[in-house]
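Taking it in order: structure first as structure tokens, then the write-up.
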């Protein structure tokens, strides 16, 4: 079974300037509720950066024991590239995010999930928007500012890094379902200088991933600015 394609595209930079009101005060209190978790995440960044690859891989395998190789590969390439590959069509992405929020009922248990190897990027659970802890406007700005252009040199660097990660995964869990098929699929992508895969159908059914990848520093900066308004 091949990985399913991701329909997400991008979100525009729509900044919302509003006068202070009761609604804004409530919104600021929500930001102050979320911000400590972000700051705690940043305070742990050095610890993650100093972790061995073996420990990082073990964490990911333990977190999602039912995942396939394409899923853990996706985790690592998201931590390396961030969300740049999603920034293509603004209007479509906004509508898709709204649709996903309207239809999603099951969410994972985290608010922000740090991505290996250094927590520069995190998965932000869309339940934070659904539960009004982060506004769609704030998320939009964070998401757009999190993206960076991906060049050929970045892809070449990733092509050198992935075999080391793969070797460690093979040591720890060689019996992962569809391992050889997924391995060949990824190798074929990289041979074409492509790198994006989507979560397997098994992962989606088991874990209900509703998230967007964002830059940790951008998240902290924007929420801090909103909190001081």
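Every read-out reported here was derived from the displayed coordinates using simple, explicitly stated rules and does not represent laboratory data. These numbers come from a predicted model, not from an experiment. Backbone-built Cβ (ideal geometry, glycine too); neighbour counts: all protein chains shown.
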Practice item. Give me the number: length gained by fully extending residue 84 to residue 201, i.e. 0.36 nm times residue separation minus the C-alpha to C-alpha distance, one decimal in nm. Key: 39.8 nm
Exercise for review: Could you check the simple spin-label distance between residue 95 and residue 130, using points 7 Å along Cα→Cβ, in nm with one decimal?
Suggested key: 2.2 nm
Exercise for review: Before anything else, pin down the relative contact order of the range 88-229: Cα pairs under 8 Å, at least 6 apart, normalised by residue count, whole percent.
Suggested key: 40 percent
Check your understanding: So how do 142-149, 112-119 stack up, highest first, on mean other-Cβ count within 10 Å?
Key -> 112-119, 142-149
Review point. At residue 172 and residue 224, where each label point lies 7 Å from the Cα along Cα→Cβ, what is the point-to-point distance in nanometres?
Key: 3.2 nm
